[in-house]
Amino acid sequence: MAASEQTRHQMPLLLNGDDKPVFRELYHHPNVLLAGTIASGKTQFIYNQLICWLCAYHPAQLKFVICRSKPVDYNSIAKVERHFLAKVPGMDSPIAEDNQVGNAVSALVIECDARLNLFRKAKVKTIVDYNAKFIRRTLNPEEGHRYLPTIMLVMDDLNTFLNDETSDTLVRLTQQNLYTGIYLIAATSQIMARSISPQLRANFSVRLSMKLMSQNESRKILDRVGAEKLTPPGELLYEESGKLLKGMQPFIDYDTILHITEFIGGQRGYPSAMLLPTVIELDDPSDEFDIDDRDPMFEDAARLVVIHQQGSTSLIQRKLKLGYNRAGRIIDQLEAAGIVGPFDGAAAREVLFPDEYSLEQFLDGLNNGSNAESVTPKSETVKMKARRPSPTKRVNNKTTSFKTIKSNPVTATKFSKKVPPSKEDKRIANVIIWVIIIFVGFLVFLIGGWEGLLDWLK
C-alpha cells in the first residue's frame, strides 16, 4: 500500500510511517526545513527518505547531492555513488564536507539557471513537460537539450555550512528552483541561529519539527507552539490543511540501510557519479588583472545599468542572458571602474552616472587609457583589484588601484581630446540664436517703427 501511495507523487516525502503511511508532494513545494534537537531523529528522517527514493526511482531519474557536517554519516549512501550521486568536478569524496558545500550549492544554482534556459527554448514551464517533450523526441540534443534527472540536495546540519556567501546562494536557489526538478531538504538543530536569515527561512515552504527545547523555537519553525512537547526520537509535527498533525518516523536500522545500498551499488552503473557544472573561481583578492581583460559584455552591461539606473546583478543576467556567476563578475568590474557603487545589502547598487552621454565619454576615455585623466593612474598600466566572485554578495570595502571619483563622474572626468557636439546640440543652439534675433527685432520695431526696423536690419 505504501508503494502505491508513493508512486502517485512526483517527489514524495514520508511524514508518517504508521499503518497508513502519509506522504507529502514536494513537486509544488521543493524546499523542506526540518528542525529538532540533537538526537531527536533528524538524520534518521533523512535516511528514511533516501531509502524510499532509492527503491522508487531509476538512477537515470534521480541524483543526490549530500552535504554532511559529521564524517560518520551517510557513508552507506556513498556506496551508490555510480548510480544515484552527483558531485562537483574535482571532489575526491562523493559526499560534500566543509568548504566543498559552497561549491556544490553554487553548482546547483548554475544548473538551475541552465534548466530555466532550456525550458525557455523548449517553450515549457516545468521539468515534467520538458522531459515529456524530450522523451517524445521533439527536442533536438544538438541544441543542448538533454534528459533532466531530479536532483535532491541534502544538507545536514544546515547551520554548520552557512556563511555569507553560502547563505545568499541558498536564498537564490530556493527562490528559483520551483518546477526545475531541483529540491532541497535541510536539517538543523539551531533554528534560532542568526545565520539562518528570515529570508532564507521564509523560502522553505515545507517546515517540519521534531523535539525542540522551547516554545520560542517551535514558533520559529511552525509559527505555533507544540514541538516542545514531542517525545524523541522519531515524533514530528507537520502542517496539513491549516492544522498541526503528528507523525511517527519508522526506524530502519543501519545494517538494513547498508544491505540495501550494497545491493544497489553492486549492480551495473555509470562510470562515475554525475558531475555538476564547474564553478569557475577567480584568483585571490590580492591578485590583479589588466583593465583590458574585462568581460566582453562589460560595456553593454554598463549601458544597461545606466539606462535603467539600477545596479543589479539580476538585471544584467536577465537582459544580457548571462549566467549568474558571470553577471556577478561583471558587476564587480563595474564597481571597480566607478560606474556603480558598492554592495549595500538587499538594496540595488547606486548607479554613479546620470545618463548615457556621460557614460560614453567615460568609456571612450577608458578604452583610450592615457586620454582619461580620471581613469589612468600614475603608472602606464591600468589595473584594478579582482575579487573572488560571489553569486549573490559583494564586499563593501572594495579598493581599486586607479583613481575613482564617485561624487560627480560627469564633472570629475576630464579628457585631453574634445568631444564634438552632437547634431541635437547644434540644432538647439541655432534655435536659441534665432529667438534672440526675433526678440531684438521686435523691440526695435516698437521703438522706431518700420523705418527703424529696416535701418537695424541693414
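The values are calculated or read from the model by the stated rules, or taken from the named source; none is laboratory data. Fair warning: this is a prediction, and the values are worked out from it, not measured in the lab. Here the Cβ positions follow ideal geometry from the backbone for every residue, glycine too, while neighbour counts run over all protein chains shown. Side chains are part of the model used for accessible areas, which takes the heavy atoms of the whole protein and leaves out ligands, DNA and RNA. Shrake-Rupley method; radii C 1.70, N 1.55, O 1.52, S 1.80 Å.
I'd like to check something: does the stretch 53-67 contain any residue that is open to solvent by 30 Å² or more (accessible area, probe 1.4 Å), under 30 Å from ASP223 (Cα atoms), polar (S, T, N, Q) and not in a strand (DSSP E or B)?
First pass over the stretch 53-67, keeping only residues open to solvent by 30 Å² or more (accessible area, probe 1.4 Å): 55-58, 60-61.
In the following step, the residues that additionally are under 30 Å from ASP223 (Cα atoms) were identified as none.
No - not one qualifying residue is present in the stretch 53-67.
Could you check ILE127 against (1) open to solvent by 20 Å² or more (accessible area, probe 1.4 Å); (2) at pLDDT 95 or above and say which number it fails?
(1)
Being of a type in the set (Asp, Glu) and in contact with a strand residue (DSSP E or B) (Cβ under 9 Å, 6 or more places away or on another chain) is the filter; apply it to the stretch 15-53 and report the residue that is farthest from LEU170 (Cα to Cα).
ASP18
Mind listing whichever residues of the stretch 211-224 are without any contact (Cβ under 8 Å) to a residue 60 or more places away in the chain and either open to solvent by less than 60 Å² (accessible area, probe 1.4 Å) or touching a Cys at 6+ places or on another chain (Cβ under 6 Å) (or both)?
SER214, SER218, LEU222 - these are the residues of the stretch 211-224 that are without any contact (Cβ under 8 Å) to a residue 60 or more places away in the chain and either open to solvent by less than 60 Å² (accessible area, probe 1.4 Å) or touching a Cys at 6+ places or on another chain (Cβ under 6 Å) (or both).
Out of everything in the stretch 79-111 that is touching a residue at least 40 places away in the same chain (Cβ under 8 Å) and closer than 17 Å to GLU262 by Cα, what residue ends up being surrounded by the fewest Cβ atoms within 10 Å (Cβ to Cβ)?
ARG82
Could you grab the pairs with beta carbons closer than 6 Å, sequence gap of 6+ or different chains, first residue in the stretch 28-50 and within 13 Å of GLU235 (Cβ to Cβ), second one charged (D, E, K, R)?
Within 6 Å, the pairs are LEU34/LYS42; GLY36/LYS42; GLY36/LYS211; THR37/LYS211; SER40/LYS211.
With the requirement that a residue be more than 36 Å from the chain's Cα centre (by Cα) and among the polar types (S, T, N, Q), what does the stretch 246-281 give you?
THR256, GLN267
Consider SER40 carefully, then state whether it is surrounded by 22 or more Cβ atoms within 10 Å (Cβ to Cβ) and assigned to a loop (DSSP other than H, G, I, E, B).
When the stated conditions are applied, SER40 passes them.
Report the residue count in the stretch 179-210 for those that are open to solvent by 40 Å² or more (accessible area, probe 1.4 Å) and either free of Cβ contacts under 8 Å to residues at least 24 places away in the same chain or within 19 Å of GLU239 (Cβ to Cβ) (or both).
Selection size over the stretch 179-210: 5.
Among residues belonging to the stretch 305-325 that are in a helix (DSSP H, G or I) and surrounded by 17 or more Cβ atoms within 10 Å (Cβ to Cβ), point out the one that is modelled with the lowest pLDDT. Talk me through it step by step, then tell me what you get.
Of all residues in the stretch 305-325, those in a helix (DSSP H, G or I) come to 305-308, 313-320, 324-325.
If we keep only those that are surrounded by 17 or more Cβ atoms within 10 Å (Cβ to Cβ) as well, we get 305-306, 313, 315-317, 324-325.
Working: VAL305: 91, VAL306: 92, THR313: 81, LEU315: 83, ILE316: 87, GLN317: 79, TYR324: 69, ASN325: 74.
Ranking the qualifying residues of the stretch 305-325, first place goes to TYR324.
What number of residues within the stretch 135-163 satisfy the criterion of being surrounded by 19 or more Cβ atoms within 10 Å (Cβ to Cβ) and in a helix (DSSP H, G or I)?
Adding up the residues that qualify gives 3.
Evaluate the stretch 340-347: report whether one residue or more is in a strand (DSSP E or B) and modelled with pLDDT under 80.
Within the stretch 340-347, one or more residues are in a strand (DSSP E or B) and modelled with pLDDT under 80.
I'm trying to understand the selection: among the residues of the stretch 168-185, which are more than 17 Å from LEU33 (Cβ to Cβ) and hydroxyl-bearing (Ser, Thr, Tyr)?
The answer is TYR179, THR180.
Matching residues to (1) at pLDDT below 80; (2) part of a loop (DSSP other than H, G, I, E, B); (3) open to solvent by less than 60 Å² (accessible area, probe 1.4 Å); (4) among the hydroxyl-bearing types (Ser, Thr, Tyr):
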site	(1), (2), (3), (4)
GLN333	no, no, yes, no
GLY365	no, no, yes, no
THR381	yes, yes, no, yes
ARG387	yes, yes, yes, no
PRO391	yes, yes, yes, no
